[in-house]
Structure formats: structure tokens, C-alpha cells
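Data block below; observations after.
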Amino acid sequence: MIEGLKPYPRYKAGGLPWLGNVPEHWSIRRIKTVLQELDSRTRDGSGTLLSLTRIRGLIPHSEMTDKMHSAKTLVGYKRFQPGQIVMNRMQAWSGMFGTGPVAGLVSPDYAVFKILGNHNVRLVLERLKTSDLVGQFALESKGIGSGFNRLYTDRFGPIPITLPPPDEQKTIVRFLDHANGKIERAIRAKRKLIALLNEQKQAIIHRAVTRGLDPAVKLKPSGIPWLGDVPEHWEVLRSKYIYREVDHRSATGNETHLSMSQKLGLVPRSQLEQRGLVSESYVGAKLCVKGDLVLNRLKAHPGVFALAPEPGLISPDYTVFRPARDLESRYFEAAYRTPACRVELRKRAKGIVQGFWRLYTDDFYDIKMPVPPVDEQQVLMKRLDGELATLNTAIARTEREIELLREYRTRVTADVVTGKLDVREAVQRLPADTPEPLPPDDLHEDEISDEAIDEAEA
């Protein structure tokens, strides 16, 4: 992709240590000479709600996998038009800027900017996301605590930005479109492979937790549509006879803080990138012990629940379930996580507004589950570990390949938009026909898989 690309022939000093050297013919100007903040608000709340995502940019909120939205009205929301740039003030320190192809409304806590002059919106956007500028945004963000720091326009505007001439901006964007298109196609192919591997994995798990390991075992009707027939010697019990809710609270708030990640499960918060709000005190937070089933009531049906890996404290809006009988906890975690059982979780979730449906304890208790003898549960999970090892390795390897592709794309983009590499000659060798833009990716994640998603903190 960048083989053969060379630096520009001549550079000049940027004037600041963090800017480094800049191509000689590029300009160094203040952001406020490139972007002008707009503050046009809706009076009647009519319009399409837009959400800012890290990968897809500004998209209709209805396309989000995680559709939680708490506002009862959109009155006072800011208007956005294509060709403008949006900044999440609280996340500017992490490069949270975006644009989008449709007009709509964005949060009043966002800042909306129009491009001044004939600068290319895509080039400016990518420049704003580079690590040197993002580092300055972090320094200029102010607030009462790390989770509440905001970057206001009066501190954002004076920050220097380096930009090539407008015609060269178009050339750079053409190169990026070509390079990113190739990388995105590779990523999508790998994501489809992961989806197929996960389907195969789920089929193996579903059969194991509902039929056991002996294909010749006698079956009996379970009386539960999602479950079908089960081995004759298994019990079928309501969840209230398998788990009981516990509600123990921290007196000191000094225990290990555990956070829920849709990708990683329940892990120490230190393992996650700190994107959520951080409480000043965790006195009164819920406690869990190793082996408890911890459930995010708002997001149980997408599978946001996990076994506690160690003792710790969690969001007070989570539910902690402790085994009510001798059991293999991993068996029931796997059974509740099967797509068929998650439909049951969704059916029982209650609420007025989509995205705020909660699964309450009594409704969880009502779900009927297959219950093999405990020794069979243990043998079954050990056998599953072996059967799934190859699939899990393939999935992990493919996910790592995607991470490397994304890191490569970020590096290429940064090197090009900061002037470390000259793409002008390379663009002349590109095909004359521009490939059709890729359609929206149905497999796209919406940036919540590796973040803390605690309801009380997000």
C-alpha cells in the first residue's frame, strides 16, 4: 500500500515540538481559520437523530446496534448538514470527530463546525484524528474530573493545524479512498469469516447444552418451544430454582472495580480503555464473588452478562445471581447465551422506550432451563472446551488480523495527512475509474465491544 512512497522533497520547521517538520509548501494555521462553530437548534424536535461512532462516523441512530437514548424530546438538539464536522466535546481527547452523508440532529453537547474556504472536509477530518492533534485536544480539555473533561471552542480554535493546498487535499483524499477501500474489503472478508465461525460455534454449543453429548440418549419433550426435546434423565427447571439474586454492597468501595465488556465479559476496569465516566466513590456499589452470574439488565438480550472472574464491585444497576444449587456455572452461562435462549430473555424484557427495556429478576426467574446432573454438566463443558478450541483459535487469529489491518490503516492515514509521505506521484498511477463505495456493513460493530458499558457510568 505504501511501498514506494517517499517523504516530500523539502520540509520546514513546524514551530512547535509536537508539530515536527512540515512539507515546505503546506500551511500552518489555527483551527479557527479552518472551522467555524455553528449552533442551529431545532425548535420542534423534528428530524433524524444521528449518533457519532468511531468507525462509521455520523450515522442515523436507528442503525446503531446499541440504541439506548434517554432524551424524551429532541427539542434543542443541534442541526447537522452533510459537509460539516461534529466533535464530541467529552471525547475529543480520543479523536471523536465525524461527518456523515445525511442531515439530522445531534446531541446539544456536541459541537458542529462548517468548513471555511475550500478545504476538503475529509482531509480536515482525518487530520483532526491524528495523534499529535489529539494529544493537544487532551491538554486543552477542561473539567471537574477526568470523565467530565470537555474541549470548548475557545480552547479548540487556537490550536495549530497543518494542511496542504486545496488541490493537494483532493489528491490525498483520492489516495486514501483507494487505500481504505482495499483495507475495508479485506476487513469485511475477515468479519464474514468470523461470523461463519461463530455460527458453527453456536450450533455446537446449542446442541451440547440442550441434547448432551450422547447422540443415542433417549429424549423427552421439554414442553419449551425454544428447547425442544431433552435427554430423558435431565430436569427442566425455572431459573428461580437454579439461581437466586443477591444484593450485597461495598462498605469501603476499595474492592476491585469490574466492568462489563460485550467482547471480554466482566473484567477489571484497568483492562479496558477508560472511556466511561469514573465515579468519585464506589461506596454502596454492588459486590460479586467468583462464579456469580452478573447480568446487565438493560442489555441482557444481546448477551451482555458474564460470570464474575474474581470478587469485586460492579454497577449498582447490574443484577447478581448466585447458584441456588450445586452446578457448573459455565454450563448455564453457555445455555443462557445461546441465540434461542436470548430470544426468551428479550421477550421478557420490559420498558416503554426501545433501548431501555430491562430484564427484571422475576422475569429472569420465569425462564425454564435444561438441568443435566452436575457431573454431566462438568464433563460436557470440558468436552466443549476441546471441541471449540480450534474454532476459538481461528476466531482469535482472525480478530487479531483485523486489528492489525485497522492499525495499518490508521498509520497510513496519519503519515499521509501529516505530510510524512508524499502520495502525489502514486495517485497518478491509480486506475481512472473510482470503485463504487462499499455499502453499509451489516456485520459492523458499533464501538461498544471493547469498552466499559456500565449503565451507571456510560
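The values are calculated or read from the model by the stated rules, or taken from the named source; none is laboratory data. A quick note: this is a predicted structure, and the numbers were derived from the prediction, not measured. Reconstructed Cβ throughout: ideal geometry from the backbone, glycine too, with neighbour counts over all protein chains shown.
Between SER259, SER239, SER250, which is farther than 16 Å from PHE332 by Cβ, in contact with a helix residue (DSSP H, G or I) (Cβ under 7 Å, 6 or more places away or on another chain) and crowded, with 16+ Cβ neighbours inside 10 Å? Checking each option against the conditions leaves just SER259. In the condition set (1) surrounded by fewer than 14 Cβ atoms within 10 Å (Cβ to Cβ); (2) of a type in the set (D, E, K, R); (3) not in a strand (DSSP E or B), LYS32 is compliant with all but (1).
Restricting attention to region 1-58 and to residues that are touching a residue at least 24 places away in the same chain (Cβ under 8 Å) and basic (Lys, Arg), the residue that is farthest from GLU140 (Cα to Cα) turns out to be LYS6. Within region 406-422, restricting attention to residues that are touching a helix residue (DSSP H, G or I) at 6+ places or on another chain (Cβ under 6 Å) and farther than 16 Å from GLY181 by Cα, which residue is surrounded by the most Cβ atoms within 10 Å (Cβ to Cβ)? It comes out as VAL417. Residue pairs whose Cβ atoms lie under 8 Å apart, sitting 6 or more positions apart in sequence or on different chains, and linking a residue in region 236-253 that is acidic (Asp, Glu) to a partner that is outside any loop (DSSP other than H, G, I, E, B), are GLU245/THR319; GLU245/VAL320; GLU245/PHE321; GLU245/ARG322; GLU245/THR361; ASP247/LYS286; ASP247/VAL320.
Do the conditions hold for GLY419, that is, is it touching a strand residue (DSSP E or B) at 6+ places or on another chain (Cβ under 6 Å) and not aromatic (Phe, Trp, Tyr)? Criteria met by GLY419. GLU376 fulfils the conditions (1) in contact with a strand residue (DSSP E or B) (Cβ under 7 Å, 6 or more places away or on another chain); (2) part of a helix (DSSP H, G or I) except for a single criterion, (1).
For region 336-356, the condition of being closer than 29 Å to VAL283 by Cβ and either modelled with pLDDT of 95 or more or outside any loop (DSSP other than H, G, I, E, B) (or both) holds for none of the residues. Annotation: ILE187 fulfils all but one of (1) surrounded by 15 or more Cβ atoms within 10 Å (Cβ to Cβ); (2) touching a Pro at 6+ places or on another chain (Cβ under 8 Å); (3) β-branched (Val, Ile, Thr); the unmet one is (2).
Please work out if LEU438 is at pLDDT 95 or above and outside the structural domain of ARG325 (by TED's automatic domain parsing). Judged against the criteria, LEU438 is not a match.
Here's the yes/no breakdown for (1) surrounded by fewer than 18 Cβ atoms within 10 Å (Cβ to Cβ); (2) in contact (Cβ under 8 Å) with a residue 24 or more places away in the chain; (3) more than 19 Å from MET381 (Cβ to Cβ); (4) among the aliphatic types (A, V, I, L, M):
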site: PRO165; (1), (2), (3), (4): yes, yes, yes, no
site: PHE175; (1), (2), (3), (4): no, yes, yes, no
site: LEU196; (1), (2), (3), (4): yes, no, yes, yes
site: ILE204; (1), (2), (3), (4): yes, yes, no, yes
